[in-house]
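Undergrad: Shown below is the structure under consideration.
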Amino acid sequence: MMNVRTGLTVFSIAIILVACGCGKDASQTGSASQPKKSVEKSVFINDTKMTLSILKGKFSQSEIIPLRLRLTNTSDQKITLHFPSSQKFDFSVKDKDGNEIWRWSANKSYAMSLTTLEIKPGEHQDFFAKIEAGVLKSGSYSVEGTSSADELFNETLSIDITVS
């Protein structure tokens, strides 16, 4: 009876360790097969943290570049963001000379009515877009993300990428 109990205890501990990854975060394992962390830039404005994220810094022309703009409420109270239209965010890509090559909102229409967005304490709102790297020639670019919330003063975040 004691051997069965000991065996079950050892087995249970082994299952728990495997399920928990032996206490290591996947980013700490150093395995070459783990995906790299995304490239991010952030700014704090009032009680909002605005973060632009891109999967990585180098892309081939056959890839899709996923973009995310995150607005996080860093306060302990609900915040309300005010927008001059139904458009809440935008992304653009500029070449090394500052010429705009691509804009997410191009050819889109937005209601010209004031809108709001409420974000609870500690929560966030994500906005996504993607661009096919094939529309860009090989070279260096700046990806920009912005929110049109009045409280964020049209702050723009920028991350440099390379397409080959």
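Undergrad: Step by step: find N for the stretch 50-164, compute 2.2 N^0.38 Å, then divide the Cα radius of gyration by it. What's the final number?
TA: 1.14
Undergrad: Amide H of residue 61: which non-local residues (sequence gap of 5 or more, or other chain) have their own amide H closer than 5 Å, using H built in the peptide plane?
TA: For residue 61, the qualifying residues are 164.
Undergrad: Could you tell me the distance between the Cα centroids of the stretch 97-152 and the stretch 38-89, to the nearest Å?
TA: Here the two parts' Cα centres lie 8 Å apart.
Undergrad: Using the Karplus curve 6.51 cos²θ - 1.76 cosθ + 1.60 with θ = phi - 60°, work out ³J(HN,Hα) for each residue of the stretch 71-83 in order, rounded to whole Hz, and write x for Gly and Pro.
TA: Listing the rounded values in order: 10, 10, 7, 9, 9, 9, 10, 4, 10, 10, 9, 10, 10 Hz.
Undergrad: Label 7 Å along Cα→Cβ of residue 75; the stretch 115-131 residues with amide nitrogen under 15 Å?
TA: Within reach of a label on residue 75: 117-124.
Undergrad: So who's got an amide H within less than 5 Å of the one on residue 132, skipping anything under 5 residues away but keeping other chains? H placed 1.01 Å off N, in plane.
TA: Those lying under 5 Å, H to H, from residue 132 are 65.
Undergrad: Here is a follow-up. At 0.36 nm per residue, and after removing the present C-alpha to C-alpha distance, how many nm does the segment from residue 111 to residue 127 gain when stretched out fully? Kindly include the intermediate steps, with their values, before the conclusion.
TA: Details: separation 16, 0.36 × 16 = 5.76 nm, distance 1.78 nm.
That pair, residue 111 and residue 127, stretches by 4.0 nm at full extension.
Read-outs throughout are calculated quantities, based only on the coordinates presented, and are distinct from any laboratory measurement. Just so you know, these numbers come straight off a predicted model, no measurement behind them. A quick note on method: Cβ atoms are made from the backbone with ideal geometry, for glycine too, and the neighbour counts reach across all protein chains shown.
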